[in-house]
Amino acid sequence: LSLDSDFLGCEGNTPEQIAKFASRRDADKPNEFHRLYVAEGAMSLTGSNADYRLRVTPEAQLELVFSLLNELCRQGQCSMACPPQLERQIEKYTIDGFAAKYNISAETLGYLFEDLLANKGYAIVYAGDQLPESVHIAVNVLNVALGNDKIYDQKITSISHSLKRHGNIGDLPAKMNSGKVSVLIHADVNPAYLLPET
């Protein structure tokens, strides 16, 4: 379940994400084929590849997560003990109520919930970068409640460094000539062709 995240288009490490996503969408391997639900306000590349796309504005994403969490707790399907404070916070949110309030198919939300429940520990709920911290926290709780935290490898950390300004590229030859760069690895790029003249 992707919540306002265009992970196939422009968010995160898209080449790796596209490859991993495509590897589990082989129609010749129906037992390994995964399903993608997308809840988003505006159409994205990820949304256009969804099996089920729900039109949900960013402001309503927290309510969607709370509705799914409450349904888990009500059915006694949480993989964790629901703290009383959390139960009080989510008790007024239901899947049917969310569907009625935002004019979304209750049947599709039912499919979503059933799929998450049937794949506990092997699914993922993912919130987009632009969503507020409160949604990310709620999504983390939902993933733990579904037992999806088992798929995280806590020993691996990924650090992505992006260029802060165009001048960083222009500074590179000088740094290399002065000995400040000892090793430079090029991955699928030809710097002699792509770098501007300096």
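The values are calculated or read from the model by the stated rules, or taken from the named source; none is laboratory data. Given the structure is predicted, the values throughout are model-derived calculations rather than measurements. Every residue, glycine among them, receives a Cβ derived from its backbone with ideal geometry; neighbour counts consider all protein chains shown. Note: areas computed on protein heavy atoms with side chains; ligands, DNA, RNA excluded. Shrake-Rupley method; radii C 1.70, N 1.55, O 1.52, S 1.80 Å.
What's the magnitude of the charge dipole for the chain around its Cα centre, counting Lys and Arg as +1 and Asp and Glu as -1 at the beta-carbon? Answer in Debye, nearest 20. Mind showing how you got there, number by number?
Numbers: 18 positive and 25 negative charges, 87 e Å.
That gives the chain a dipole magnitude of about 420 debye.
If R0 is 25 Å, the Cβ-Cβ spacing of LEU172 and THR14 corresponds to a FRET efficiency of close to 0.55. Averaged over its residues, the stretch 37-93 has an accessible area of 52 Å² per residue, based on protein heavy atoms and a 1.4 Å probe. When the chain is described by a simple charge dipole with +1 on each Lys and Arg Cβ and -1 on each Asp and Glu Cβ, the residue from LEU62, THR46, MET80 located farthest towards its positive end is MET80.
Using a 1.4 Å probe on the protein chains only, how many percent of the accessible area of the chain belongs to carbon and sulfur? Let's see the in-between values first.
On the way: 6640 of 12880 Å².
Ligands and nucleic acids excluded, carbon and sulfur give 52 percent.
What trypsin sites (Lys or Arg not before Pro) does the stretch 1-108 have in DSSP loop regions with at most 13 other beta carbons within 10 Å?
Of the trypsin sites (Lys or Arg not before Pro), the ones in loops of the stretch 1-108 whose Cβ has at most 13 other Cβ atoms within 10 Å are ARG24, LYS92.
One chain, two ends: THR57 and ASN119. Fully extended at 0.36 nm per residue, the span grows by 19.7 nm beyond their Cα-Cα distance.
From the largest down, the chain spans 65, 42, 31 angstrom on the principal axes of its Cα atoms. Computed over the chain, relative contact order equals 20 percent, with contacts defined as Cα pairs under 8 Å that lie 6+ residues apart.
With the convex hull of its Cα atoms as the shape, the stretch 22-63 has an orientation-averaged projected area of 3.5 nm².
Shape class of the stretch 29-115 from the Cα gyration tensor (axes a ≥ b ≥ c, square roots of the eigenvalues): oblate, since a/c reaches 1.5 or more and a/b does not exceed b/c. Among the aspartates and glutamates, select those whose C-alpha is under 18 Å from the C-alpha of LYS20, and discard any that sit fewer than 8 residues away in the same chain. Filter leaves ASP6, GLU11, ASP28, GLU32, ASP51, ASP153.
Note the angle between two axes, namely the Cα long axis of helix 167-177 and the longest principal axis of the Cα atoms of the chain, as a number of degrees from 0 to 90, rounded to the nearest 10. Once rounded, one gets 50 degrees.
What is the stretch 1-48 by shape, rounded, prolate or oblate, if you read a ≥ b ≥ c off the alpha carbon gyration tensor as root eigenvalues and call it rounded for a/c under 1.5, prolate for a/b larger than b/c, and oblate otherwise? Write out the running numbers ahead of the final one.
Details: a/c = 2.73, a/b = 1.53, b/c = 1.79.
Because a/c hits 1.5 or more and a/b fails to exceed b/c, the stretch 1-48 counts as oblate.
In the chain, the calculated helix contribution to ellipticity at 222 nm averages -12000 deg cm²/dmol per residue, counting -39,500 (n - 2.57) for every DSSP H run with n ≥ 4. Helix 133-145 and the longest principal axis of the C-alpha atoms of the chain enclose an angle of approximately 60°.
Restricting the GluC sites (Glu not before Pro) of the stretch 69-148 to loop positions (DSSP other than H, G, I, E, B) with no more than 14 neighbouring Cβ atoms within 10 Å leaves GLU91.
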